[in-house]
Amino acid sequence: PYLSKKVQKKESLSAIYALFEKGLKRELKDIKKTIYQELNRVGSQFVSSHITKKYINERINQLKENIVIYIKEELFPKWDDFPEKEKFYRELAHLKREIFRQTSPELKPIFSAINAYFDYLFFEEKAFLQLKKEIKGQEVKNSIEDIKYELFNYNFPLGYSKELIYELPRYLRALKIRIERAIYNPLKDIEKERDFRVFFLKYKQIKEHYDDKKIIALPLFEYMVMIFSPELYKKGVTSRKKLEKLFSGLENFR
């Protein structure tokens, strides 16, 4: 039942979201099923000699939880206060009609990024064995793992902009190209990495101060692509001068 006005004053907006979940129980169950099936497929196909099945299952389960939360946050209205009863049921009826049409475009780039991530992990495992044999190979490996975590961490897709989610497969391809080149010339990679690390460290220092991380994340990772994998770079998107100006301005307004 809809909450009375007296109860509304005592309850937080999370109570309204709980009502949406109750009203959309069947629809959310079908959406969860779609999410779980796709992630179970990805997890079952990943074969590794170093990464344990337990770790993969834990990673998949965390992704399941995160994606369900992400979809709810995207679908449910972000009201500042409790709505009137009619407004609530009007929105609920709208979501019942539109939920599957709205969810599909949200899930597609997320699944694409997840597939790209596990494909990258499979590539990385074998490539790192070669890289560690090279002079300075471990240093390159540490740098790449640092970047990989910033690209695809345990919160994914929570806190990610739609733009960043969409670009993740390209950024992960750029990392693969970087590794391939570093295997043959790790010293050259380290030289390039010094230039990128200046901005990467600044990003890590200030990122928590900005809710909309695409402001700094997209230009930073485009610069990474430009330096290490220029064939994937979108011309004119960023440059060293633009990054210097961006980070200088953001540091002044922290």
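The values are calculated or read from the model by the stated rules, or taken from the named source; none is laboratory data. Predicted model only: the values in this text are computed from it and were never measured. Backbone-built Cβ (ideal geometry, glycine too); neighbour counts: all protein chains shown. Calculation scope for accessible area: heavy atoms of the full protein, side chains included, ligands and nucleic acids excluded. Shrake-Rupley method; radii C 1.70, N 1.55, O 1.52, S 1.80 Å.
Give me the Kirkwood hydrodynamic radius of the chain in Å, from all C-alpha pairs, to one decimal place?
For the chain, the Kirkwood estimate is 20.7 Å.
Using a 1.4 angstrom probe on the protein heavy atoms only, could you order Asp146, Asp81 from most to least accessible area?
Asp81, Asp146
Pick out, from Leu24, Ile135, Phe152, the residue whose Cα sits farthest towards the positive end of the charge dipole of the chain, with +1 on the Cβ of Lys and Arg and -1 on the Cβ of Asp and Glu.
Leu24
Please say if region 1-148 is rounded, prolate or oblate, where rounded means a/c under 1.5 for a ≥ b ≥ c the square roots of the C-alpha gyration tensor eigenvalues, and otherwise the choice is prolate for a/b larger than b/c and oblate otherwise?
Cα axes put region 1-148 in the prolate bin.
Give me the percent of accessible area attributable to carbon and sulfur for region 103-228, probe 1.4 angstrom.
Ligands and nucleic acids excluded, carbon and sulfur give 53 percent.
Sorting Asp189, Asp119, Asp80 by accessible area (1.4 Å probe), largest first, what list results?
Asp80, Asp119, Asp189
Once the Cα atoms of helix 85-131 and of the chain are each reduced to a long axis, what angle between those two axes, in degrees from 0 to 90 to the nearest 10, is obtained?
Result, in degrees: 20.
What area, in nm² and to one decimal, does the C-alpha convex hull of region 108-164 cast on average over all directions?
Details: hull surface 16.7 nm².
If you wrap the Cα atoms of region 108-164 in a convex hull and average its projections, you get 4.2 nm².
Let me see the P(r) profile for region 121-254: every Cα-Cα distance counted, bins of 5 Å, each bin given as a percent of all pairs.
2, 10, 21, 22, 21, 14, 7, 3, 0
Roll a 1.4 Å probe over the protein heavy atoms and report the accessible area of Arg173 in Å², nearest 10.
Probe radius 1.4 Å; accessible area of Arg173 about 110 Å².
Classify region 39-91 as rounded, prolate or oblate, taking a ≥ b ≥ c as the square roots of the eigenvalues of its Cα gyration tensor: rounded when a/c is under 1.5, otherwise prolate if a/b is larger than b/c and oblate if not.
Since a/c reaches 1.5 and a/b is larger than b/c, the shape of region 39-91 is classed as prolate.
Using a ≥ b ≥ c from the Cα gyration tensor of region 139-186 (square roots of the eigenvalues), is it rounded, prolate or oblate, where a/c under 1.5 gives rounded and otherwise the larger of a/b and b/c decides, a/b for prolate?
Cα axes put region 139-186 in the oblate bin.
Please list the radius of gyration and Dmax for region 79-192, considering alpha-carbon atoms only, with Å as the unit.
20.8, 68
Once both axes come from the Cα atoms, what is the angle between helix 162-184 and the longest principal axis of the chain, in degrees from 0 to 90, rounded to 10?
Long axis of 162-184 versus the principal axis of the chain: about 20 degrees.
Counting alpha carbon pairs within less than 8 Å and at least 6 residues apart, what relative contact order, in whole percent, applies to the chain?
Relative contact order for the chain comes out at 18 percent.
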